[in-house]
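Report on the following structure.
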Amino acid sequence: MPLSIRRAKARAAELRDALEIGETWDASDTERAFNFKKRWDDLVAQAPRGTRKHYEMLGALIAEESPTLKRLVWPT
């Protein structure tokens, strides 16, 4: 069942905060990144149809700017 726009925005904010802060301080960067990706994909799938593309782009922007995810990128 699709989320309302208000709930989708609230969940997006929660996921962004959880990526950087984490539910516990002992969670590794890898664990937080995995949980973010998994939960973000669920959010996009449940978002209202007209906003799914917006949340896909927002997720990409968060991933690009996230210090947590930047620490996981391997140099080539």
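The values are calculated or read from the model by the stated rules, or taken from the named source; none is laboratory data. Small disclaimer: the values here were computed from a predicted structure and weren't measured. Backbone-built Cβ (ideal geometry, glycine too); neighbour counts: all protein chains shown. Note: areas computed on protein heavy atoms with side chains; ligands, DNA, RNA excluded. Shrake-Rupley method; radii C 1.70, N 1.55, O 1.52, S 1.80 Å.
The table below lists the values:
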quantity	calculated
Residue tally, condition hydroxyl-bearing (Ser, Thr, Tyr) and within 14 Å of ALA12 (Cβ to Cβ), over the range 26-76	3
Top-ranked residue of the range 16-46 - restricted to ones that are modelled with pLDDT of 90 or more and of a type in the set (A, V, I, L, M), ranked as surrounded by the fewest Cβ atoms within 10 Å (Cβ to Cβ)	ALA45
Residue count, the range 42-76 (criterion: without any contact (Cβ under 8 Å) to a residue 12 or more places away in the chain and farther than 21 Å from ILE21 by Cβ)	9
Qualifying residues in the range 55-76 (those that are open to solvent by 100 Å² or more (accessible area, probe 1.4 Å) and not aromatic (Phe, Trp, Tyr)) - the one modelled with the lowest pLDDT	THR76
Selected residue [free of Cβ contacts under 8 Å to residues at least 60 places away in the same chain, open to solvent by less than 30 Å² (accessible area, probe 1.4 Å) and under 9 Å from the mean Cα position of the chain (by Cα)] from ALA12, ALA8	ALA12
